[in-house]
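The values are calculated or read from the model by the stated rules, or taken from the named source; none is laboratory data. Since the model is a prediction, treat every value here as computed from it, not as a measurement. Reconstructed Cβ throughout: ideal geometry from the backbone, glycine too, with neighbour counts over all protein chains shown.
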Amino acid sequence: MKVLFIGGTGLIGTALAELLTQTGGVSLTSVHRGNSAPLYAGARMLNADARDPDSMRRALGGECFDVVVNWIAFTPEHVRQDIEMFTGRAGQYVFISSASAYQKPLMHYRITESTPLTNKIWRYSEQKAECEEILFSSALPVTVVRPSHTYGFGNLPFPIGAKHPYTPIKRILDGKAIILHGDGTSLWTVTHNTDFAAGMAGLLGQPRAVGQAFHITSDEAVSWNNIVRTVGHALGAEPKLVYLPSKLIEQKLPDITGHLLGDKAESVIFDNGKLKDFVPGYQARVTFAEGVRRCLAYWEAQSEKPTDPDYDRDMDMLAELAEKIYGL
């Protein structure tokens, strides 16, 4: 099976590439900019700018692929370019959408693939939904995959993310406040990148998956309180949890409106029955507690652990606000 990646150097793309290159009968080609060393052992690398159709045509020539996965298509313009580029030369085109595109606020606690795509809070999510509509109306043999919050390597889930993911870990170790929205009891689904990769690999090259959409998540839903406490306990520290209303956090940090009000502020529980029907035997196997241990082991092996001073400043500001409001 000939597979083409466009992008895919992040958490989930890297995990899937590692799995595919270890799988017999799979030939992986990856398009990326620059002339760096190969990103994936065992993969062929092509140098091209995915945003430049002429650059892509020069790199790909007349080559056809069994599967094309575009990890970096975010707007209708991006997918229209791919429709023109890959119609007739891809046996399956996989669009990486987002589970954040599902209805907000939710009308039902359990999310299935038929849950409406109507998130008007976050433009990123709206555009992903628009891309899906365009692709399903095209002649491309499309499969849509909607990741939710996927973590791995050193990236652990926190309600407010930092540019450098070690920053909230260091805050826990230093006894500094970790800000939680609401009272921390809302449920969140986090999926280890290796589990996501296993589910997605089962969809690649599968004719029955064409014309279908899937989310790929763990079946484990954890409260934000327990997410942060699990990280703290693995560090041998009790995290200092400070609570503020979601809307107040958003007012103070408007850049996180989409990530918070359009996503994390909702309790999300996913029904993975459709994926399991198409990929028999699929099961997310990495518990969150185990995933935390793997992420912390990653950091233990790093000689450098950069942190984000802007994030620290913002979290300290929110903690001071909470103290003024609640006297804590």
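Only residues that are among the basic types (Lys, Arg), crowded, with 19+ Cβ neighbours inside 10 Å and under 25 Å from residue 254 (Cβ atoms) were counted in the stretch 137-170, giving 0. Residues in the stretch 178-206 that are touching a Pro at 6+ places or on another chain (Cβ under 9 Å) and farther than 23 Å from residue 13 by Cβ: 178, 179, 180, 181, 182, 184.
When residue 246 is tested against (1) touching a strand residue (DSSP E or B) at 6+ places or on another chain (Cβ under 9 Å); (2) farther than 23 Å from residue 320 by Cα; (3) not assigned by TED's automatic domain parsing to the domain that holds residue 25, only condition (2) is not met.
Before we move on, is residue 42 closer than 19 Å to residue 204 by Cα and at pLDDT below 95? For residue 42, the condition - closer than 19 Å to residue 204 by Cα and at pLDDT below 95 - is met. Elements of the type helices (runs of 4 or more DSSP H) sitting completely within the stretch 104-203 and holding at least 1 residues that are basic (Lys, Arg): these cover 123-136, 167-173.
The residue that is farthest from residue 263 (Cα to Cα), among those in the stretch 171-213 that are surrounded by 16 or more Cβ atoms within 10 Å (Cβ to Cβ) and hydroxyl-bearing (Ser, Thr, Tyr), is 194.
Might you check whether a residue that is part of a loop (DSSP other than H, G, I, E, B), at pLDDT below 95 and either out of contact with any Leu (no Cβ under 9 Å at 6 or more places or on another chain) or on the phi < 0 side of the Ramachandran plot (or both) occurs anywhere in the stretch 61-83? Checked the stretch 61-83: at least one residue is part of a loop (DSSP other than H, G, I, E, B), at pLDDT below 95 and either out of contact with any Leu (no Cβ under 9 Å at 6 or more places or on another chain) or on the phi < 0 side of the Ramachandran plot (or both). The C-beta contact set for the stretch 134-156 (first residue among the charged types (D, E, K, R), second residue assigned to a strand (DSSP E or B) and modelled with pLDDT of 95 or more, distance under 8 angstrom, 6+ apart or interchain) comprises 146/213; 146/214; 146/215; 146/216.
Here is the figure for the stretch 227-240: residues that are in contact (Cβ under 8 Å) with a residue 24 or more places away in the chain and within 28 Å of residue 196 (Cβ to Cβ) total 8.
Selection over the stretch 78-106 of residues that are over 26 Å from residue 255 (Cα atoms) and either of a type in the set (Gly, Ala, Ser) or surrounded by fewer than 18 Cβ atoms within 10 Å (Cβ to Cβ) (or both) gives a count of 8.
The one condition from (1) part of a helix (DSSP H, G or I); (2) crowded, with 17+ Cβ neighbours inside 10 Å; (3) of a type in the set (D, E, K, R) that residue 320 does not meet is (2).
Restrict the check to the stretch 18-39 and report whether at least one residue is hydrophobic (A, V, I, L, M, F, W, C) and in contact with an Asp or Glu (Cβ under 8 Å, 6 or more places away or on another chain).
No: zero hits.
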